[in-house]
Structures are given as structure tokens and as C-alpha cells.
Amino acid sequence: MAEVLIVTGASRGIGAATARLGAARGFAVAVNFSRDRAGAEAVVADIGAQGGRAVAVQADVSDEAQVAALFEAAEAAFGPVTALVNNAGFSGPSGRLDEVSTSDMRRVVEVNYLGTVWCCREAVRRMSTRNGGPGGGIINLSSGAASLGSPGAYVWYAGAKGAVDSFTLGLAKEVAREGIRVNAVAPGFVATGIHADSGLPRRLEEEAPKEPLGRAAEPEEIAEPILWLLSPAASFTTGAVLRVAGGR
């Protein structure tokens, strides 16, 4: 049976790198996107050029119905889903808690936390051997911010990622005997567009040299541990939050 991977928020950054590496490791990949169709289709084209199989699927992970449709589309294209990477994320505009809007905070929680929950629920419904599924692996994208707090930048985002950590641990225990391993990866500074999107276009340039390794990570350096956690090499690893933050 072919291994089938869904990567949410895969039109750029860590998600795109994970989709490409997953295809190179033999997965058929559903490249999820919310708005950036061109980016997702470019990832699909890259995978196809390397002999892999991929399809772009639009879905807002904060919407339960769209999450179900995402899984349906992946299964229609490739067969039963056996792996999920919950990468879709949103930090909102940078600032202090007493300055951020309710709508921005709500969106952060809906995408980063509830989106992860909805996708995991759909995955368990389909993967769990208790439900007749094939088993599989789930990786949730956390953040170094979950343990650092990100004061003055986006404490609400840090809180949502902290919730992802707790959820990962609980779900891993809940489905451990149902053929599903659940882990999280917590990146530090990564060279993606999330900082510019939050209104801090110079944050990487200013902060990365202060890191223990003296630089930001490339998205591919986060994709590698994600694919390791999905692989048989990590067969006894579940409920872990793997910090990939360059010593931060």
C-alpha cells in the first residue's frame, strides 16, 4: 500500500520543504494551501519533476468541513492517508497583548490550535486501527515560542503553540495502541516569511546572529526531523516535542 501524506500550509516555507522531502522519501503528497494556489502548484510541479506524486488541495484548516474535504481529496487521489503534518500556522501582527485585536488573536487560535485539533481528529477517524484504519503518523508543528513566551512580539501565538504541545502529548497516549504515533517539532528562528507577515521584516536579520548557532534555520533543516519522526527509524517515539531551535 502506498504511503500517503497530507501537509497543511504547504505552499511555502517549512510546509513546502516537508512536502518535497516527503515525496522524495516515497510518499504521495497532498499539498494543502489556503490562499496561495500558485505556490502550492509550484510545489506539486517540483515534486512531479523529480518523479514523485502530488496534488494541490485548497482548504482552510480552521473550518471542520474543509478539513474533511481535504482528507477526502487526498484519499480520492492516492488512497488511505497514513501520515499528517500539521504545519499551517499564523502569528498575527506583532505587538503587545493589550494592543492586538480580538479578531487577530481569535484567528491565531483557530488556525494554530483548533486547525491542528480538527486535522488530528479527522486523521484518527481514518488512520486508527480501532476504526479499521491502517495506522500512521502525525506531526504537529509547535514553536520554540511555546517555552520562551515571545513577550512583546506575539504571546498569544506562543500560548497557542503551548496548547499544541499539551494536545500532542495527550493524543499520543490516547491512540498509542491504535497504530498511530503523534509527535511535535518545535522550530526556532527559520528563514520563512512568517516574520515579515507579522510586521517584523528585519526580525530574522536582527535576531538570528544572536542565536547559539549564529543563524536561522533553513526550512529543509526542519523538514528532515519531521520526516525522521514519520519514518520507521522513530518507531518507538511518540508523545515527543522535538526542539529544533539551534540551541535556543
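The values are calculated or read from the model by the stated rules, or taken from the named source; none is laboratory data. Computed from a predicted structure; not experimentally measured. For neighbour counting, all protein chains shown are included, and Cβ atoms are generated from backbone atoms with ideal geometry for every residue, glycine included.
Of note:
- The set of residues from segment 198-214 being farther than 11 Å from GLY188 by Cα, of a type in the set (D, E, K, R) and outside any helix (DSSP H, G or I) comprises just one member, ARG202.
- Scan of segment 215-248 for residues that are under 16 Å from the mean Cα position of the chain (by Cα) and assigned to a helix (DSSP H, G or I), ordered by number: PRO219, GLU220, GLU221, ILE222, ALA223, GLU224, PRO225, ILE226, LEU227, TRP228, LEU229, LEU230
- Qualifying positions in segment 29-52 - small (Gly, Ala, Ser) and either over 14 Å from ASN86 (Cα atoms) or crowded, with 24+ Cβ neighbours inside 10 Å (or both): ALA30, ALA38, GLY39, ALA40, ALA42, ALA45, GLY48, ALA49, GLY51, GLY52
- If the condition is being closer than 18 Å to PHE90 by Cα and crowded, with 24+ Cβ neighbours inside 10 Å, then segment 1-28 contributes VAL7, THR8, GLY9, ALA10, SER11, ILE14, GLY15, ALA16, ALA17, THR18.
- Boolean, GLY95 is under 27 Å from GLY247 (Cα atoms), touching a residue at least 24 places away in the same chain (Cβ under 8 Å) and either in contact with a strand residue (DSSP E or B) (Cβ under 7 Å, 6 or more places away or on another chain) or part of a helix (DSSP H, G or I) (or both): no
- Among the residues of segment 142-157, the one identified as of a type in the set (A, V, I, L, M, F, W, C), surrounded by fewer than 21 Cβ atoms within 10 Å (Cβ to Cβ) and under 24 Å from ALA223 (Cα atoms) is LEU148.
- Residue list for segment 135-163, restricted to those being more than 23 Å from LEU227 (Cβ to Cβ) and part of a loop (DSSP other than H, G, I, E, B): GLY149, SER150, PRO151, GLY152, ALA153, TYR154
- Scanning segment 1-38 for residues that are in contact with a strand residue (DSSP E or B) (Cβ under 6 Å, 6 or more places away or on another chain) and more than 13 Å from LEU70 (Cβ to Cβ) gives ALA2, SER11, GLY15, THR18, ALA19, GLY22, ALA23, PHE27, ALA28.
- Within segment 164-183, not a single residue is at pLDDT below 95, in contact with a Gly (Cβ under 8 Å, 6 or more places away or on another chain) and not in a loop (DSSP other than H, G, I, E, B).
- Of VAL175, VAL182, all but one fail to be of a type in the set (Val, Ile, Thr), touching a residue at least 24 places away in the same chain (Cβ under 8 Å), surrounded by 24 or more Cβ atoms within 10 Å (Cβ to Cβ) and closer than 20 Å to LEU229 by Cα; the exception is VAL182.
- One residue from ALA28, ALA23, ALA40 being out of contact with any Phe, Trp or Tyr (no Cβ under 8 Å at 6 or more places or on another chain), modelled with pLDDT of 95 or more and not basic (Lys, Arg): ALA23
- If you check ARG126, ARG106, ARG130 for being without any contact (Cβ under 8 Å) to a residue 12 or more places away in the chain, among the basic types (Lys, Arg) and either assigned to a helix (DSSP H, G or I) or surrounded by fewer than 18 Cβ atoms within 10 Å (Cβ to Cβ) (or both), only one passes: ARG106.
- Considering ALA68, ALA73, ALA88, the condition of being within 22 Å of VAL29 (Cβ to Cβ) and crowded, with 23+ Cβ neighbours inside 10 Å is satisfied by ALA88 alone.
For (1) of a type in the set (S, T, N, Q); (2) closer than 15 Å to CYS119 by Cα, each residue gets a yes or a no:
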| position | (1), (2) |
| --- | --- |
| GLY22 | no, no |
| VAL31 | no, yes |
| ARG37 | no, no |
| VAL44 | no, no |
| GLN58 | yes, yes |
